[in-house]
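The values are calculated or read from the model by the stated rules, or taken from the named source; none is laboratory data. Quick caveat: nothing in here was measured; it's all calculated off a predicted structure. Counting neighbours? That spans all protein chains shown, and the Cβs are built from the backbone with ideal geometry, glycine included. Each accessible area value is taken on the protein alone, full model and side chains, heavy atoms only, with ligands, DNA and RNA left out. Shrake-Rupley method; radii C 1.70, N 1.55, O 1.52, S 1.80 Å.
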Amino acid sequence: MFAKKSQPAIKSLIAHGSHIEGNIRFGDGLRIDGQVTGDVTAQPGDSSILVISETAVITGELRAEHIIINGRVTGPIFSSRLLELQPKAKIIGDVFYSALELHQGALVAGQLHPQNAGIEMNETPKPPLQITSNSP
C-alpha cells in the first residue's frame, strides 16, 4: 500500500575510541561511535544514512538524507528526508529537516527549521533578525 524507500547499507564505521579531525565525506551509510571534529557530509544526490551512536561526540556540521542521533552534536544539522533524535541525543545548534522524529529525553539547544518552510538544504543558515530600539 505505501512504498517504503529502502535504507542504504551502513558500509563505514568510526569506532568508539577513535578521534578524527577533519571533514568526512561518505556514500551510502556511515555509523559514528567515536569522536569527530569536522563536518560530516553525504555525497550529494546519493541515498544516505548517518548514525550517531550514544558514545559519539561530533563537533561540526552534519548533512545527510536520513540522520539518526543518540549522541552529542555541536553544530548545525541538515537532514533532507528524516531526522531521528533518540532519547540520549544532545544537540547544540540549529536543526534543518524535512521530517522529524523526536524521542522523549532528546535535547536541542537551537532552533528547529522545517525544510518545507522555504529553507534549502544547501543554504547556509542566516542569523535571526535583531530588532533594536533607539529610545532610552
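When you look at Gly45, is it open to solvent by 40 Å² or more (accessible area, probe 1.4 Å) and free of Cβ contacts under 8 Å to residues at least 12 places away in the same chain, yes or no?
Yes, satisfied.
Scanning region 23-42 for residues that are among the charged types (D, E, K, R) and in a strand (DSSP E or B), which turns out surrounded by the fewest Cβ atoms within 10 Å (Cβ to Cβ)?
Filtering first and then ranking leaves Arg25.
Select, from Ile20, Ile58, Ile68, the only residue that is open to solvent by 10 Å² or more (accessible area, probe 1.4 Å), out of contact with any Leu (no Cβ under 9 Å at 6 or more places or on another chain), assigned to a strand (DSSP E or B) and not charged (D, E, K, R).
The unique qualifying residue is Ile20.
Could you run through region 81-97 and say how many residues are open to solvent by 50 Å² or more (accessible area, probe 1.4 Å) and either without any contact (Cβ under 8 Å) to a residue 12 or more places away in the chain or touching a strand residue (DSSP E or B) at 6+ places or on another chain (Cβ under 6 Å) (or both)?
3
Checking Gly105 against (1) in contact with an Asp or Glu (Cβ under 7 Å, 6 or more places away or on another chain); (2) open to solvent by 30 Å² or more (accessible area, probe 1.4 Å); (3) at positive phi: exactly one of these is not met. Which one?
It fails just one condition, (1).
Is it true that some residue in region 82-95 is at pLDDT below 95, farther than 20 Å from Ala9 by Cα and assigned to a loop (DSSP other than H, G, I, E, B)?
No: zero hits.
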